[in-house]
Amino acid sequence: MRAPPEEPPARKSVFFGVGGLLAAMLYLALVLRVDSQSAILGLLAIGATGVFIAARLDLISAFRQSYRDNERVMDVLSIVAVLILAAGFHNSSFILFLLTTVLINIIACLGLNLQFGYAGMLNFAGAAMLGVGGYTAALLGQNAAIPPILLLPLGGLFAAVIGSILLPPMLRTQGHYSAVVTIAFNLLFTTFLEVYGGFGGTQGLPVQSMSLLGLDFNDDWKINGFEVAFYANYFVLGLMLTVIVAAVVRRMERSWIGLSLDAVRLDETSARCFGVNIALWKAVAFMSGNFIIGLAGTFYALMLGYIAPTNFTFGDSLILVTIIILGGLGSIWGVILTAAIVIILPEKLQAIQEYRFLLYAIVVTFVLLFQPGGLLPRAPRIFFPGWRP
Amino acid sequence: MNTGVQILLSSRQATKRFGGVIALDQLNLDIFRREFFGVIGPNGSGKTTLFNTLTGIFPLTSGSFVYDGRDLTNSTPQQVCRAGIARTFQRSRVCLGLSVFDNLMIGNHIFLDHGVWSNLINRKLLYRQLEEMAERARTLLMTFDPKLAGRMGELVGNQPMIDRRRIEICRALISAPKLLLLDEPSAGMTQREMHELMDNLVEFKRRAGDLTIVLIEHEMKIIERVTDRCAVLNFGRKICEGSYAQVVANLEVQEAYLGTNAKSVLA
């Protein structure tokens, strides 16, 4: 609905934003807390009904509008809410590990979104790029006296550089053909690691733990009798990385850079006629996307403490692509929502663990059929909050 | 030239073959600076191929294009754009999922600052350029439709056909080109809408001063109304060139359009 022009520029209500955030966090806390399979199933049914009713009552659009109108406030509140949620699970290694895994997937998918969501370059080598980051952490971490925090940008850099091998064939092909190049790369990547003995082969490699300013991230800690599992360290750093990456990606989208990437995706021929250098912008999207994915992979390896080729298979790439398609191409909040669903659900609902690929295939098909924009479709570009041309 | 008019663009023996099909056949054409030039011809006569080879989408098989004193043969679309040539497409190629403003800014690409500093870090600079560009876009849209200028934040997909055409033309005009190539802008519009659009365009051209327009068009009424001179293509060859009156009087043109017994029909 279009707002009447005489509407005063009053502060828009945060009510729906805060309400939606609280509901989502409570629901997530319940899902994480409950263990019995029947209770999980019940929660899922309640969640689905709740979302359906909210959609019917137009609450979801009110929620999104409220987020958009009060962006800074809602950004901060969301971060605080996630921190409070994690604090509630301070002594549960498994839950903190799971939440951090979600964050890592969010970061990787934000990188993938730059490539596919904005520039339209479908990349099925996401897991390989995670792997490049992971192996950078393992190999550089064991050999040299590099501080672990520096491994993060180095892992990203290696992924960007190694990924750029794919650029010449990808620039010569389009659409599906270009995607096939990336599939081949991911298969070659895992096969190479398995066959080549130098990097641990199928056994994999140990990775040193993260440490910063003398604090080893793999130490549990205690404050006033409060037991905190060491994964909390990784969670906090992961959240910081997620916020930084999301802010950068959002600024890219809300700038001439994002507009150029959109132009490349939507119509290469007309973009070229307006002076857009297609190769340059594809390289920008692909390399910066791979940098972000590589960064996520490095962090993942530092947290896991051990990596093997099986962590970075083509199937893992499919999960990443599933997340961004389900969330809505180019939608940052969409990635955050679906990464949480896609990562947490199979862990809590053991029954679907085996069949998750089948399930994702069905869900993706249905979403593409009935809601092609994804669960939270990307909103039209606003260069600055509140700015209108 | 002794007449004092300056040639902006000339094609010399321009030829384009697609396999066995000769889409452009040794085309010689001179377009003068600041004129409104029409290109007409039956379907498949090579009009769009002329635009596509000129703007670097396909290379010429042989021959050359000289624009503003320099050789433009087989340049990339990017070089053509930077030389000051903008175009629209026969089948509308606006981005429906983007706002009107975003679409115009794609046309303005070469004048935007894409640096990391202004776009990601010191966004005050981006804001300043954004305001400046929004003002430019608004002024341009005002010439064509003041109401459209108020809807710059809306998606193009929600605009009616006539506005999409206006947007596409404005997207080509916003970079202040020296040469504008319009590929059948009347497709899918009523005659009244089309006349309105063309009047706006003529008015814009008059105010812009140094603007040359080449228009591909089927609608003879429009050619008569707006062009200074026109050329008729048939099977990739130029069969006639001159003012509208000269062209319609030409027997070969009448045959190309209406068949051999055309004279009686036109009379």
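The values are calculated or read from the model by the stated rules, or taken from the named source; none is laboratory data. Note that this is a predicted model, so its numbers are computed, not measured. Cβ: placed from backbone, ideal geometry, glycine included. Neighbour counts: every protein chain shown.
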- Item | Out of A:388, A:378, sole residue that is of a type in the set (D, E, K, R), under 28 Å from residue A:152 (Cβ atoms) and outside any helix (DSSP H, G or I) | A:378
- Report whether or not residue B:68 is among the acidic types (Asp, Glu) and assigned by TED's automatic domain parsing to the domain that holds residue B:197. yes
- Specify the residue that is nearest to the other protein chains (Cβ to nearest Cβ); the eligible residues are those in region A:238-263 that are among the small types (Gly, Ala, Ser) and farther than 18 Å from residue A:283 by Cβ. A:247
- Note on the structure: Going through region B:84-105 in order, the residues found to be of a type in the set (Ser, Thr, Tyr) and at the interface with chain A (Cβ under 7 Å from one of its Cβ atoms) are B:99
- Task: May I ask you to verify whether residue B:159 is more than 26 Å from residue B:67 (Cβ to Cβ) and more than 11 Å from chain A (Cβ to nearest Cβ)?
- Result: yes
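So that you can scan it fast, the table gives a plain yes or no per residue for (1) more than 30 Å from residue B:133 (Cα to Cα); (2) without any contact (Cβ under 8 Å) to a residue 60 or more places away in the chain:
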position: A:324; (1), (2): yes, no
position: A:341; (1), (2): yes, yes
position: A:350; (1), (2): yes, no
position: A:367; (1), (2): yes, yes
position: A:372; (1), (2): yes, yes
position: A:377; (1), (2): no, yes
- Task: Quick one: residue A:220 ticks every box in (1) within 14 Å of chain B (Cβ to nearest Cβ); (2) free of Cβ contacts under 8 Å to residues at least 12 places away in the same chain; (3) in contact with a Phe, Trp or Tyr (Cβ under 6 Å, 6 or more places away or on another chain) except a single one, so which number is it?
- Result: (1)
- Query: Does residue A:235 satisfy being modelled with pLDDT under 90 and more than 10 Å from chain B (Cβ to nearest Cβ)?
  - Reply: no
- Message: I'd like the full set of residues that are in contact with a helix residue (DSSP H, G or I) (Cβ under 9 Å, 6 or more places away or on another chain) and not in a helix (DSSP H, G or I), limited to region A:302-350.
- Response: A:306, A:307, A:308, A:313, A:328, A:329, A:330, A:331, A:349
- Task: Please determine, by comparing only the residues of region B:15-57 that are assigned to a helix (DSSP H, G or I), within 14 Å of chain A (Cβ to nearest Cβ) and of a type outside the set (S, T, N, Q), which one is surrounded by the most Cβ atoms within 10 Å (Cβ to Cβ).
- Result: B:54
- Assess whether residue B:123 counts as being facing chain A (nearest Cβ under 8 Å) and surrounded by fewer than 20 Cβ atoms within 10 Å (Cβ to Cβ). yes
- Query: Which one is farthest from residue A:280 (Cα to Cα) among residues in region B:97-150 that are among the aromatic types (Phe, Trp, Tyr) and touching a residue at least 24 places away in the same chain (Cβ under 8 Å)?
  - Reply: B:144
- Restricting to region B:59-83, what's the tally of residues that are within 11 Å of chain A (Cβ to nearest Cβ) and either buried (at least 18 other Cβ atoms within 10 Å of the Cβ) or part of a loop (DSSP other than H, G, I, E, B) (or both)? 6
- Item | One residue from B:199, B:210 being surrounded by fewer than 20 Cβ atoms within 10 Å (Cβ to Cβ), of a type in the set (D, E, K, R) and touching a residue at least 40 places away in the same chain (Cβ under 8 Å) | B:210
